[in-house]
1. How far apart, in nm, are the 7 Å Cα→Cβ label points at residue B:460 and residue B:32?
2. In nm, to one decimal, how far is the residue B:439 label point from the residue B:157 one, both placed 7 Å along Cα→Cβ?
3. In whole Hz, what ³J(HN,Hα) sequence does the stretch B:26-37 give by Karplus (6.51, -1.76, 1.60; θ = phi - 60°), x for Gly and Pro?
4. Which whole number gives the average count of other chain Cβ atoms within 10 Å of the Cβ atoms across peptide B:363-370?
5. Report the gain in length on full extension from residue B:79 to residue B:18: 0.36 nm times residue separation, minus Cα-Cα distance, nm rounded to one decimal.
6. State to the nearest 20 debye the size of the charge dipole of the protein assembly as shown about its Cα centre, where the only charges are +1 on K and R beta carbons and -1 on D and E beta carbons.
7. For residue B:442, which sequence-distant residues (separation of 5 or more, or a different chain) have an amide H within less than 5 Å of its own amide H, given hydrogens modelled in the peptide plane?
8. Determine, for B:14, B:180, A:71, the number of other Cβ atoms within 10 Å of each Cβ, and report the residues in order from fewest to most.
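Read the figures in this text as sums done on the coordinates, not as results from a lab. Just so we're clear, the structure is a prediction, and the values are computed from it rather than from any experiment. Every residue, glycine among them, receives a Cβ derived from its backbone with ideal geometry; neighbour counts consider all protein chains shown.
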Amino acid sequence: MHETGGPDVWALLMVFLLAGFVGFQVIQNVSRLLHTPLMSLTNAISAIAIVASIIVTGEQRTTASTILGAIAIGASMTNIVSGFLITDRMLKMFKKREPQK
Amino acid sequence: MSGFAHTLTQVSYILAAALFVFSLRWLNRPETARRGVAAGVIGMAAAVFGTLLHPEIASYLWIVVALAVGTALGIPLSRVALTAVPQRTALSHAFGGLAAGLVGIAKYSLWVGDGSLTTFRITAIVIEVLLGFVTFTGSLMAAGKLQEIIPTRPITYRGQNYVNLALLGIAIVAGAGLVIDPSRWPLFAVVVALSLAFGVLLIIPIGGADMPTVISILNSYAGLSAVAMGFVLDNMLLVTAGALDGASGFILSVIMCRAMNRSFTNVLFGAFGQVAASGGRAGEQKAVKSATAQDVADLLANASSVVVVPGYGMAVAQAQHRVREIYDQLVKRGVDVKFAIHPVAGRMPGHMNVLLAEADIPYESLVEMDDINRDLPQTDVVLVVGANDVVNPAARHDKSSPIYGMPIIDADKAKLCIANKRSMNPGFAGIDNELYTADNTLMLFGDAKVMLGEIAKALSEDSGLGH
């Protein structure tokens with residue numbers, strides 16, 4: 001399916017390794033205040049699986065693969081919409097102390 | 001033309017990967033956090049539009065229908081009460097796992113037909129399906145327990161760990177058989193079925209108090225299943241985003257384990273719930289000193305520093321807005337008020353912070369356990385609302401206690417401790433709390449919302465009089 005003739009296993013492993021390191025570095029600095037929004041945000045981000053589901057569904061190779069792909073799109077889209085919306089809803093609530101009246 | 005579309009798709013993926021990293025970077029601090037959400041949304045939109053340009057897409061009908069259904073489900077799920085956020089989170093891990101598992105089945109069925117299942121592909125598919133479906137049913141179980149559709153107490157039986165490990169072993173052997181000969185589709189069905197069953201069995205023995213850890217681990221699994229999907233589909237964006245999610249879940253799991261004094265291997269093998277099950281030690285009844293709401297109001301008003309220790313009980317009683325009223329009254333009188341947040345307070349990491357932020361308590365006043373413990377010996381009054389095990393001094397010195405070694409908030413070291421409870425019933429872990437019978441502790445019996453409401457009322461009536 002690819003001109004290059006199959007996936008490059010080593011390149012994928014390298015990306016996994018580096019992204020994992022970046023993830024550790026960045027997420028270790030997230031304030032504990034925000035761990036609940038962190039979880040809903042990363043959840044929405046990993047719903048990027050939707051791109052794979054879109055291709056599986058859109059190719060329409062077999063009825064079964066189209067149906068399975070469509071359910072996967074629905075599940076991922078639910079996570080994207082609810083994940084980003086609820087993260088923003090929670091973050092809006094975090095306010096600084098108001099100046100004393 | 002299709003070459004151009006391919007380039008556009010790839011550019012959108014690189015853009016998305018960069019924006020996702022920035023998104024998490026900006027989430028580090030509350031001041032920039034909302035920008036992080038915006039970056040995530042833009043990255044996601046770019047990747048989705050980039051994918052829709054993909055030349056292999058033959059029809060958009062089902063794509064559009066599924067996107068519409070997902071949106072329709074997602075909007076109400078984003079508006080749940082904040083006490084229900086842990087259930088929603090568990091449910092979204094389930095959806096993530098489901099998507100990975102289903103795409104794995106779809107790719108298997110396509111590739112087994114045209115004979116293009118290389119060893120690498122089948123290995124990646126087996127891992128994807130295993131992680132995806134374990135996350136799916138495991139998270140559904142967790143959501144059910146959090147929503148209290150399924151009994152929250154741990155359900156245990158003899159040899160449980162052996163049964164679980166045996167099932168996992170069979171699934172792995174079946175997976176290995178598939179790697180040797182990918183065309184044996186009944187083995188694939190076995191892997192799917194056992195993964196689904198294993199997810200259920202893994203969560204059954206876990207009690208409500210362990211939910212913060214469980215949710216974090218499932219978060220990590222959901223991320224890793226996305227990584228496996230990326231390996232199957234040769235998609236580096238999926239690998240990147242999945243690795244970020246997996247790293248986040250892993251870090252949160254470690255923090256939760258430390259906060260409950262559990263080893264990570266202990267948690268990975270699903271042996272939690274045992275600590276909770278071994279509780280229930282009957283202690284001798286010591287005298288308890290109790291106070292009225294008016295007494296407490298006077299004590300708080302005359303203090304110069306007050307630390308509130310909230311627990312999930314506060315959220316269950318919906319008392320956080322009463323807490324906010326007391327906070328306002330005290331701050332108006334110049335009292336220094338802080339909140340001591342234990343990492344496992346609530347039902348998921350950071351849950352208590354969100355519940356207090358909803359009640360408009362400024363986030364600078366929410367202090368982590370280690371930082372507040374330094375201040376507590378100089379604190380005039382500690383007010384414990386709906387927290388129990390996280391303030392039990394037995395964790396520090398009583399080696400026979402099931403929670404021995406768990407880091408706690410040192411409420412007993414303050415000059416005066418006031419604990420609100422419905423009655424003297426023990427908490428989650430079923431352990432007596434010696435804090436309640438300590439010499440410097442006063443008990444305030446009654447429903448948190450009612451009692452705190454009375455304190456707030458007494459404080460506001462006072463404020464007009466006196467100095």
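1. According to this spin-label approximation, the distance is 4.0 nm.
2. Label-label distance for residue B:439 and residue B:157, simple model: 5.2 nm.
3. 6, 6, 4, 10, x, 5, 10, 4, 5, 4, x, 5
4. Rounded to a whole number, the mean comes out at 3.
5. Value of the extension gain: 19.1 nm.
6. Computed charge dipole of the protein assembly as shown: roughly 260 debye.
7. B:417, B:418, B:419
8. Exposure proxy ranking, most exposed first: B:180, B:14, A:71.
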